[in-house]
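The structure under discussion appears below in the form of structure tokens.
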Amino acid sequence: MAFKYATDETYEELVSDGVVLVDFFGKTCVPCKMLARVLEELEDEFPFINIVKVDVDECPKTSERFRINGIPDLYYYRDGEVLFHESGAVDLEYIKNKLSGILY
């Protein structure tokens, strides 16, 4: 499954069903680019997880709503409910452990 890119108008719909990992990012952010590679690997191992990317520059309302002050910023959802979030680039094993806790 390919990444889905949210807009201010589509965000709620994209996080409303199933387990969703949201990545708030910026195009010129180096840690965001490193995390993008990790998320590509994650996508291969967890194809049933929806990964939604939110460009903070293109989605100002959503970014403001979640008070995104630093990027990357990850939000973990299940059926539209935020379970937790964290700021900063993290590695693949860390994200896999978080998702396993949600899934199992």
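The values are calculated or read from the model by the stated rules, or taken from the named source; none is laboratory data. What you see is a predicted model; the values in this text were computed from it and never measured. All Cβ positions, even for glycine, are placed from backbone atoms using ideal geometry, and neighbour counts span all protein chains on display. Side chains are part of the model used for accessible areas, which takes the heavy atoms of the whole protein and leaves out ligands, DNA and RNA. Shrake-Rupley method; radii C 1.70, N 1.55, O 1.52, S 1.80 Å.
Would you calculate a helix-derived [θ] at 222 nm for the chain, using -39,500 (n - 2.57) for each DSSP H run of n ≥ 4 and dividing by the full residue count, to the nearest 500?
One gets -10500 deg cm²/dmol as the mean residue ellipticity at 222 nm.
No disulfide-compatible partner, judged by a Cβ distance under 4.7 Å, exists for the following cysteines of the chain: Cys59.
Just to be sure I understand: of the beta bridges DSSP finds with both ends in the chain, what percent are antiparallel, rounded to 5? The partial results should precede the final answer.
On the way: 12 of 20 bridges.
Bridges in the chain are about 60 percent antiparallel.
Across the cross-link table entries Lys61/Lys98; Lys61/Lys96; Lys27/Lys96; Lys27/Lys53; Lys4/Lys61, which are compared at the Cα atoms, the separations over 21 Å belong to Lys61/Lys98; Lys61/Lys96; Lys27/Lys96.
For the stretch 1-52, what does the alpha-carbon gyration tensor say about shape, rounded, prolate or oblate, given a ≥ b ≥ c as the root eigenvalues, a/c under 1.5 as rounded, and a/b over b/c as prolate? Oblate, because a/c is 1.5 or more while a/b does not exceed b/c. Over the chain, Cα pairs under 8 Å with separation of 6+ residues give a relative contact order of 38 percent. Using a probe radius of 1.4 angstrom, the carbon and sulfur fraction of the accessible surface of the chain is 50%. Distance between the 7 Å Cα→Cβ label points at Asp91 and Val19: 2.1 nm. Loop exposure criterion: trypsin sites (Lys or Arg not before Pro), DSSP state outside H, G, I, E and B, at most 11 other Cβ atoms within 10 Å. Applied to the chain, the longest stretch between such sites is 28-66. A crude spin-label estimate for the pair Leu83 and Ala2, with each label 7 Å from Cα along the Cβ direction, gives 2.7 nm.
GNM on the chain, alpha-carbon springs under 10 angstrom: the most fluctuating residue among Gly88, Gly26, Gly18 is Gly88.
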